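Here's the structure we're looking at; comments come further down.
Values in this text are rule-based calculations from the coordinates and carry no lab data. Keep in mind the model is a prediction, meaning the values are calculated, not measured. Backbone-built Cβ (ideal geometry, glycine too); neighbour counts: all protein chains shown.
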Amino acid sequence: MMEVTDALKEKKTDKELYSYQKGAIDQIFEKFETAPDDYHLLYQLPTGGGKTVIFSEIVRQYLKLHNKKVLVMTHRVELCKQTSEMLTSFGVVNKVVNSTANLSDQAKYSCFVAMVETLNNRLNDDKLDISDIGLVIIDEAHYNSFTKLFKFFEKSFILGVTATPLSSNRNLPMKDNYQELIVGESIQSLIDNEFLAQIEVFQYNMGLTSLEIGSNGDYTVKSSDDLYSGVNMLDRLLEAYRTHSSGKKTLIFNNGINTSIQVYYHLKAEGLPVMHLDNTATKKQRKQILNWFRETPDAILTSVSILTTGFDEPSIDTIILNRATRSLTLYFQMIGRGSRMWNNKTKFSVIDLGNNFQRFGPWEAPLDWQAIFNSPDFFMDRLVSDEELESNFRYEMPEEVRNEFAKSENVYFDIKQTYQDSVAKGESSKVILERSIEQHARICVENSEDVYDALALAKMLGDDIDHRIEKYAQCISKSTGNFISWLKEDYRLKFRNYLRENFDEIFEEIHGYAPEE
């Protein structure tokens, strides 16, 4: 990878390229000259680094130097339009091949922009002449929908561009379709040279063991909806927003439409400026919602994956990952929506409600993309499981809750250690929750004058209770959603009853005298 110099910091005027972009173009053109005509090359550059700018300049130069045509492939309508506009701004006259395009004048064009499915139909119908296409550029090349079209371009140079050279389908690794990877500037380099904003991360330890992994290797929409649509999770989202993003432009990513709708109603009920967007919206609705989001300084937009690509709103202050993912690509795409510099914006925030930073590591941390490209299975197999992640969690009370228990020196209870101790003694696993209830009751009584105070404090321990139950479920290897939900309700009921029945005794033990009647 080329060394970053001070020249990087020169801001672009008109279509002037940054030095790292020029360096990438030089590397790619060297391959045009030295590699076979049917070579498959992959180029990686982080979201926000200007991949479209780079390949638009490549098209412009290629058409000057070669007596052949160029085809650019995208996978979404928005990207198709944006790519065409960028090429035009570089002086490249191009034709968009969509479902309504008239191809009778195709001979006049040297550059085409097309979506995968439309192009596939046109090629199968033999309606597009591709005999003189020398270069095929594939945007967002990690999507596997493109590979079915490779058979039409066996004599063309194929250049794939992506932020994450890791296939969206584990069974179809990118190394099988591309012979070489060129790695561009790192995220940290782009941050250091003021091309991307600094990141500030707020992580929450989330209990995710009820999530199920689907055939695509990521968490299923249903299990995500079941978890994230719950009142506890909605309240946690609201609390996280108020603590770290109140009044800031915020984009929320969810894994299911139902979750996003529930988030919308939950935040709207609090009087917050929020709208919901998913792929069922019409073009008109989508445009109206995105215009509102752009023009409203404190807007909150809750969405479902639809804005991970082909969407650029640099005024975003905060990204909330209200979901977990096992897709490295999606992880980078979601965070990348907030990373662009804009006006006086030099940093952005990410609120992680899916343990994603613990799963993948910091967004700006260096990754060995060559190793991931060459050995994707090795990378995927090393992803830490939710069980392992959560086994290391230690619940910390929020400051405002901890203040209510100020008279208690220690409020933490180690479920895992208690379980191990009880197993070693041959005790029943149910004693763990009994001891947890006893400890919870004690800290409530320590900070109360009467049983009513204690019961009020008990209500404040909901997150702590949930964390303990999830830890307990991990210990006993039972983690179905219904079982955990039942345990949480049962614990709360037994906890309240225990407080009522034992308050006087605990109070006297602590203080040495009985509570006043």
Reciprocal of mean inverse Cα separation for segment 197-366 (Kirkwood radius, Å):
15.9
Listing 252, 476 from the residue with the fewest other Cβ atoms within 10 Å to the one with the most, what is the order?
476, 252
Using only the Cα atoms of segment 6-190, what are the Rg and Dmax in Å?
15.8, 51
Extreme residue, positive dipole direction of the chain, given options 135, 380, 487 (C-beta unit charges):
135
For 213, 300, 257, order by how many other beta-carbon atoms lie within 10 Å, fewest first
213, 257, 300
Using 7 Å Cα-to-Cβ label points, what is the residue 344/residue 296 separation (nm, one decimal)?
2.3
Binning at 10 Å from 0, report for segment 315-461 what percent of all alpha-carbon pair distances ends up in each bin.
9, 25, 24, 22, 16, 4, 0
Rounded to the nearest 500, the 222 nm mean residue ellipticity computed for the chain from DSSP H runs (n ≥ 4, each -39500 (n - 2.57)) alone is -13500 deg cm²/dmol
Overall Cα dimensions of the chain - principal axes, largest extent first, Å
96, 49, 47
Whole-angstrom Cα spans of segment 467-517 along principal axes, big to small
44, 17, 13
Collect residues whose amide H, placed 1.01 Å from N in the peptide plane, falls under 5 Å from the amide H of residue 72; neighbours closer than 5 in sequence don't count.
112, 113, 114, 137
Calculate the spin-label point distance for residue 379 paired with residue 198, positioning each point 7 Å from the Cα along the beta-carbon direction, and give it in nanometres.
2.8
Any chance you could tell me what percent of the C-alpha pair distances in segment 399-511 go past 26 Å?
19
Counting only DSSP beta bridges with both residues in the chain, tell me the antiparallel percent, nearest 5.
5
Given points 7 Å out from each Cα along the Cα-Cβ axis, report the residue 35 to residue 408 separation in nanometres with one decimal.
6.1
Value in Å of the Kirkwood radius, where segment 72-143 supplies the Cα pairs that are averaged
12.5
Tilt relative to the chain, helix 415-424 - C-alpha long axis, 0 to 90 degrees, to 10:
60
Can you sort 139, 226, 381, 504 by how many other beta carbons sit within 10 Å, fewest first?
381, 504, 226, 139
